[in-house]
Amino acid sequence: MVLTIKTSKEKRVVMKCDLGGEYVNMLNLTDETRQKETHTRRTGCEFEIVFSSVKGVWAVCKISGNHNHELGGNLAGHAVKCCLSELEKVKVRAFSGQGLVPKDILCILRKEFANSHSTAKEIYNELIVVRAEELRGRGPIEALVELISCSDYFSKVRLVEGVVDYVFFMH
Ligand SMILES: [Zn+2]
């Protein structure tokens, strides 16, 4: 399962399964052509985790909805496949706080990384993560990792240079 940020406010962050949301058939595709033409295969999954911040400390306050699809390690079809590369993340982080909007940063990334498939939305999400980290050193991801490290969950967390890079968990 892959989580993406749905909404982010100063004291409340909602993350949803990245298969959540209805598939928008903008290109009028059939079921056969759809897989090739889109990055994601949304299933309308309602799984969500709500994080809240009390006095600067983030905690998981609610987990709602159930996955309506198989869970597994296969990331085929998930939007995350096209997400920011490590190098792009470093760039985006460097631009954070400089008053650039995601669209501007995207232009810069596209010039620098010719085969980048990143989107302004992914840059926006990364900027939110950066902001969350800066605000209190303990972001929603860290709060999530803490929660799933407890006995009720099977979890696997991968760190890259001390930063959470990959989170997998099952309840
Ligand atoms: Zn799901």
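The values are calculated or read from the model by the stated rules, or taken from the named source; none is laboratory data. Please read all numbers here as calculations on a predicted model, not as lab measurements. No Cβ is skipped: glycine too gets one built from the backbone with ideal geometry, and neighbour counts run over all protein chains shown.
Applying the condition of being touching a helix residue (DSSP H, G or I) at 6+ places or on another chain (Cβ under 7 Å) and in a loop (DSSP other than H, G, I, E, B) to segment 85-118 and asking which residue is surrounded by the most Cβ atoms within 10 Å (Cβ to Cβ) yields 118. Here is a check on your reading of the model: is residue 101 of a type in the set (A, V, I, L, M) and modelled with pLDDT under 80? So residue 101 does not fit the description; no.
Inspection of segment 40-50 finds a residue satisfying the criterion of being away from the ligand (no atom under 14 Å from the Cβ), outside any loop (DSSP other than H, G, I, E, B) and at pLDDT 80 or above. Filtering 36, 9, 81, 16 for residues that are more than 13 Å from the ligand (Cβ to nearest atom) and either at pLDDT 75 or above or among the polar types (S, T, N, Q) (or both) leaves a single hit, 9. Any residue at all in segment 56-70 that's within 18 Å of residue 126 (Cα to Cα) and at pLDDT 85 or above? Within segment 56-70 (the criterion being within 18 Å of residue 126 (Cα to Cα) and at pLDDT 85 or above), the answer is no, since none of the residues qualifies.
Selection within segment 51-70: residues that are more than 17 Å from the chain's Cα centre (by Cα) and within 11 Å of the ligand (Cβ to nearest atom). The member of this set that is nearest to residue 9 (Cα to Cα) is 65.
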